[in-house]
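The values are calculated or read from the model by the stated rules, or taken from the named source; none is laboratory data. Quick caveat, the model's predicted, so the values are computed rather than measured. Reconstructed Cβ throughout: ideal geometry from the backbone, glycine too, with neighbour counts over all protein chains shown. In case anyone asks, the SASA skips ligands and DNA or RNA and just uses the protein heavy atoms, side chains included. Shrake-Rupley method; radii C 1.70, N 1.55, O 1.52, S 1.80 Å.
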Amino acid sequence: MPELPEVETIKNDLSQKVLNKKISKIVIKKPKLVKSSYTNFKKDLLGASFFEIDRIGKLLIFSFRKGKKEKYLLVHLKMTGQFIFVGHNSLVAGGHANSKEESKRYRMGGLEKGLPNKFSHIIFYFGEKEILYFNDMRQFGYMKIVTKDELDIIKNKYGIEPLQKNFTWKNFQKIFQNKKTNIKAFLLKQDVISGLGNIYVDEILFASGVLPTRTVAALSEGELRKVFENTKSIIKKAIKYRGTTFSDYVDSSGKRGNFSDFLKVYGKQKTLCPKCARTEILKIKVAGRGTHFCPYCQN
DNA sequence: AAGATTGTTGCTTA
DNA sequence: TTAAGCAACAATCT
């Protein structure tokens, strides 16, 4: 599941690869993934080039010019979306990556061969031989082109960003005052804090020693402070290690994220807690999501 | 073979 | 009016 660190990694990598290169061809195999006008999609993008790639929360923003106006290609990867950039023809194996075994290997991050595969739904060509594949097994992801005004409206719906200046203890405290929902559900809300998903929320709460079921308003100042600090540090560290691969995520070169090696609770149910070494990590459902925690270390 | 998987939206309920 | 809760969505794996 691409969350903030994974999307940030993709943003940084793609910025090195596709900026200011002319889009020479676009192949759309699954039109329903284009959520804006389908007829305008190619019309707007063909011949254009992206001059900047940005990110808010888990949403990628590709800026380009259409005539004198700036427009924006928004891409959300949702759960299984991937961007794979291929600079040479070497990886393109003529469209046969469709065996069960091969697609599994592919999703697990072992990009050995086979592009496009049956999950390559939208394909951008840059110049003669550079190709950007948008793959999405579950077809939850989407692309859409918006104007500046539309972009501003969308941006305004996002909460504070863990990496930005306004992510301060003061602001954090203010936002978390008197909220009656549990801390897990609250941290997942994109209009509160943008970019956190199921993996990082579980990791942040474990690091903070706070049970995911705790009501926000009932947290002590010290506990809340830990949640704040750990949100910053864990997100930063995850970006440093190029994100987490749990099932489907790979970066734009098809490589896995290395933060997987640092996961302490996510996916670790039935194993011993790495901190107290005496209690099994439990997995329950909170906020409708699989939730991992140590009942001894988290209170 | 039914249930779990998750990010987001939009509807319902309090 | 606002906040919280939850079903729905899609496709695949266990």
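Excluding same-chain residues fewer than 8 positions from A:Lys68, which lysines have a Cα within less than 17 Å of its Cα? List returned: A:Lys22, A:Lys43, A:Lys148. Computed over the range A:28-76, the quotient of the alpha carbon radius of gyration and 2.2 N^0.38 Å is 1.16.
Computed per residue of chain A from DSSP H runs no shorter than four, each worth -39500 (n - 2.57), the mean residue ellipticity at 222 nm is -8500 deg cm²/dmol. Bridges between two residues of chain A, per DSSP, are antiparallel at a rate of about 95%.
Counting only protein heavy atoms and a 1.4 Å probe, the range A:1-93 has 44 square angstrom of accessible area per residue. In this simple spin-label model, placing a label point 7 Å from the Cα along the Cα-to-Cβ direction at both A:Lys236 and A:Arg289 gives a separation of 2.3 nm.
The ellipsoid that matches the Cα gyration tensor of chain A has semi-axes, each √(5λ) in whole angstrom, of 36, 24, 15, with the longest given first.
Each peptide among A:48-60, A:190-202 gets the average number of other Cβ atoms lying within 10 Å of its residues, and from highest to lowest they stand as A:190-202, A:48-60. Overall, the accessible surface of chain A at a probe of 1.4 angstrom is composed of carbon and sulfur to the extent of 49 percent. FRET efficiency for the pair A:Lys21 and A:Asp54, taken as 1/(1 + (r/R0)^6) with r the Cβ-Cβ distance and R0 = 22 Å, rounds to 0.80.
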